[in-house]
1. Which ones in region 195-208 are crowded, with 17+ Cβ neighbours inside 10 Å and farther than 13 Å from residue 361 by Cα?
2. Please specify each residue of region 259-281 satisfying the condition of being surrounded by 23 or more Cβ atoms within 10 Å (Cβ to Cβ) and either closer than 22 Å to residue 316 by Cα or within 16 Å of the chain's Cα centre (by Cα) (or both).
3. Could you identify the single residue in 155, 123 that is part of a helix (DSSP H, G or I), at pLDDT below 85 and closer than 30 Å to residue 285 by Cβ?
4. Among the residues of region 184-205, which ones are in a loop (DSSP other than H, G, I, E, B) and within 21 Å of residue 161 (Cβ to Cβ)?
5. Return the residues of region 244-259 that are closer than 12 Å to residue 382 by Cβ and assigned to a helix (DSSP H, G or I); say none if nothing qualifies.
6. Say we look at region 84-105 and pick out the residues that are over 11 Å from the mean Cα position of the chain (by Cα) and assigned to a loop (DSSP other than H, G, I, E, B); which of these is farthest from residue 443 (Cα to Cα)?
7. Looking at residue 211 and the list (1) touching a helix residue (DSSP H, G or I) at 6+ places or on another chain (Cβ under 7 Å); (2) part of a loop (DSSP other than H, G, I, E, B); (3) farther than 30 Å from residue 312 by Cβ, which single condition is not satisfied?
8. Do any helices (runs of 4 or more DSSP H) entirely within region 283-368 hold 2 or more residues that are under 17 Å from the mean Cα position of the chain (by Cα) and buried (at least 21 other Cβ atoms within 10 Å of the Cβ), and if so, which?
C-alpha cells in the first residue's frame, strides 16, 4: 500500500512539472506563471523534481525528452572529437546568448559541435533562430556543455535521462552574480565533471564550493552593427547626447539598480540642461507591472528620461547600442556584464560600478568605474540572499562622470576607442574559440587515454 502511494505521489509531481513547462511556453499563460514569485517557482520546481526523482523514468519536461528518446546515438557516442552544446538555443536572455556566442566562436575555429535546444521551463521569450542550422536531436559527441544554471541541472538530468550524461564528459557553463555560491545548489556538482564561467568573480564564488575544476572561459564579443538602424528608427533625436542602460526584469530589478541610473542622471543634469537624454531599456516589465511602475515614478515627469519596455531582436539591440553616446550600469553585482562589453566593443564610453564580473574587461583606462561600498542584501532582494553582500554604487560620482562625458566629447571618444581596442583583442571569436578548443582537446585526450587503459 505504501509503495502504491509513493508511486501515485511521484506521478503527480511529474504531471505538475509537465504542467509548469507547458504553461511557461504558452504566451497566454506565461504572464500569469511569471507572477508567481521567482523564489517560489524555483522552490516548487525543486521540490517536485526531488520527489519525482525517486526511481522512475525521466520526467518529460517540454518536448526535449521526446526528441531525446527519438535519438539513436545517445548511449554510445560515435564521434570523439566535437562537443554537444545544450541549452536555451532560442532564448533571448544572457545564458542563451552565451550559448550562441560560444557556438559562433567554435564555428569560426572549425571545431565540430552541435546544438541541442533544451527546454526546462524557462519563461522568457525564445524567438532567436540564428543558430538553428546547427540544431540536432542526436548527441553524437562525447563531451557535453550545458548552458543552463546550476539550479536547473538536476531537472535537466531528469528530462534528458542517464544516457545523455553517462559515458560523456559533462561541463556546466554556469552564471551567478554574488560572492557566495548557494549551498542549496551543491547537488548540481554531482551532475558535471567541471564548470566553466565567464569571469574571475564567478570562478572565485564557485571555486570555493567545490574541488572540481572551475575554469574561466572568456566570452566572445564580436558582431556587426546592423545597417539602416539610425536614431530615427528608435525615436531618438540626432543632436541629443544619449545615455543608455538596459536590463531584464527577470534578472532582479534590485540587482540591476535602474533607480540609481535615473537618480544619477537627474543629479547630473538640472532641468535647464537640454540636448541630453536617458533611455532605460528593459524587457519583461509586463510580468512585473508594480516594479515597472515604480521605476517610471522615479522619472519624476522629466521628459528627457524614458523607460522603454519591450523586446528587441539582437540586431535591433546592437543598433540601439550603436546609436547611444554612453552606456551606464550602476549594478550591484554582475556575473559578467554583457551590455557593458557590447557597448565597449562599439567604442562607447561606459560608466559602471567598479565591482564584480565586469572587472574582467574594465579598468580605469578603458572606462569610468564608479566607487561603491559593500552592503548586506535584504530579504527578497535576490535569490539566496542570506549572508551575501553586494555593491552600493556612489550615485554622486556617477553623476559627475555623466556630466564629464557630456561636457568633454573628446574624452568620451578616447575612452570609447580604448575600450574597443581592448575588448576586440581579449574577447574576439578567435581568442575565445581558441581557449575553448584548447580545453576541449585536453578533455578528448583524457577520454582517449581512459578508453585505451580500459581496453
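The values are calculated or read from the model by the stated rules, or taken from the named source; none is laboratory data. Model, not experiment: these values are computed from the prediction. Note that each Cβ is placed from the backbone with ideal geometry, even for glycine, and that neighbours are counted across all protein chains shown.
1. Of the residues in region 195-208, the ones crowded, with 17+ Cβ neighbours inside 10 Å are 195-199, 201-203, 205-207.
195, 196, 197, 202, 203, 205, 206, 207 - these are the residues of region 195-208 that are crowded, with 17+ Cβ neighbours inside 10 Å and farther than 13 Å from residue 361 by Cα.
2. Passing the criteria: 278, 280.
3. Numbers: 123 fails: part of a helix (DSSP H, G or I).
None of the other options fit; the residue is 155.
4. Our first condition is that a residue be in a loop (DSSP other than H, G, I, E, B); within region 184-205, this holds for 192-193, 198-199.
Once the filter is applied, which keeps residues that are in a loop (DSSP other than H, G, I, E, B) and within 21 Å of residue 161 (Cβ to Cβ), region 184-205 yields 192, 193.
5. Taking region 244-259 first, the residues closer than 12 Å to residue 382 by Cβ are 251-257.
Listed by number, the residues that qualify are 251, 253, 254, 255, 256.
6. So in region 84-105, the residues over 11 Å from the mean Cα position of the chain (by Cα) come out as 84-87, 89-90, 100-105.
Narrowing further to those that are assigned to a loop (DSSP other than H, G, I, E, B): 89-90.
Details: 89: 24, 90: 27 Å.
Only one residue tops the list, namely 90.
7. (1)
8. Values: elements: 289-298, 314-323, 338-345.
Hits in region 283-368: 338-345.
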